[in-house]
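What follows draws every value from the coordinates through simple rules; no lab data is involved. Treat the numbers as computed from the prediction; the structure is a model and nothing was measured. Counting neighbours? That spans all protein chains shown, and the Cβs are built from the backbone with ideal geometry, glycine included.
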Amino acid sequence: QVQLVESGGGLVQPGGSLRLSCAASGSIFRVNAMGWYRQAPGKQRELVAVVTGGDTTNYADSVKDRFTISRDNAKSTVYLQMNMLKPEDTAVYYCNANAKSSLRSASSDYWGQGTQVTVSS
């Protein structure tokens with residue numbers, strides 16, 4: 001099994017910045033894509049950003065040019081640098097990783113517990 005632990009959420013004023021971290025641990029053979037999703041009250045969970053094993057990145061249109069996703073493969077950790085935050089960025093942010101726990105196992109999706117990001121004055 002793979003566990004994901006997120007950190008870095010909190011309360012920030014509009015225009016401010018936050019950096020989220022997500023570390024994968026447990027039985028890990030290989031981590032493929034890692035990403036961040038978010039879910040605001042009353043809305044569906046949506047993709048924010050993803051980085052593949054080959055370091056290709058993809059962003060939701062609403063966060064392009066404001067958010068940056070990166071990963072440290074040695075630490076099995078993914079980061080989300082969020083700048084110029086807006087009230088509409090308020091949501092619970094979830095880390096996701098597609099990983100194999102052993103050579104013979106299939107790849108599976110794993111989720112973190114979520115971290116709250118609130119953008120408010």
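Considering the stretch 12-121, what Rg and Dmax in Å follow from its alpha-carbon atoms?
For the stretch 12-121, the Cα-based Rg and Dmax read 14.2, 50 Å.
Please report, in debye to the nearest 20, how large the charge dipole of the chain is about its Cα centre when each Lys and Arg carries +1 at its beta carbon and each Asp and Glu carries -1 there.
Details: 12 positive and 9 negative charges, 50 e Å.
Around 240 debye, computed over the chain.
For ASP65, what is the net charge nearby, where nearby means another residue's Cβ is under 14 Å from its Cβ and Lys, Arg count +1, Asp, Glu -1? Can you show the working numbers first?
On the way: positive: LYS64, ARG66, LYS86; negative: ASP61, ASP89.
With Lys, Arg at +1 and Asp, Glu at -1, the net is +1.
For LYS86, go through the lysines and keep the ones whose alpha-carbon is under 22 Å away, minus same-chain ones fewer than eight residues off.
Excluding near neighbours in sequence, the set is LYS43, LYS64.
So which aspartates and glutamates can LYS75 reach, going by Cα to Cα under 19 Å and dropping same-chain residues fewer than 8 places off?
Within the straight-line limit of under 19 Å, LYS75 reaches these aspartates and glutamates: GLU6, ASP55, ASP109.
Running a GNM on the chain with Cα contacts under 10 Å, which residue among ASP89, ASP55, ASP65 ends up with the highest mean-square fluctuation?
Judging by the Gaussian network model, the answer is ASP65.
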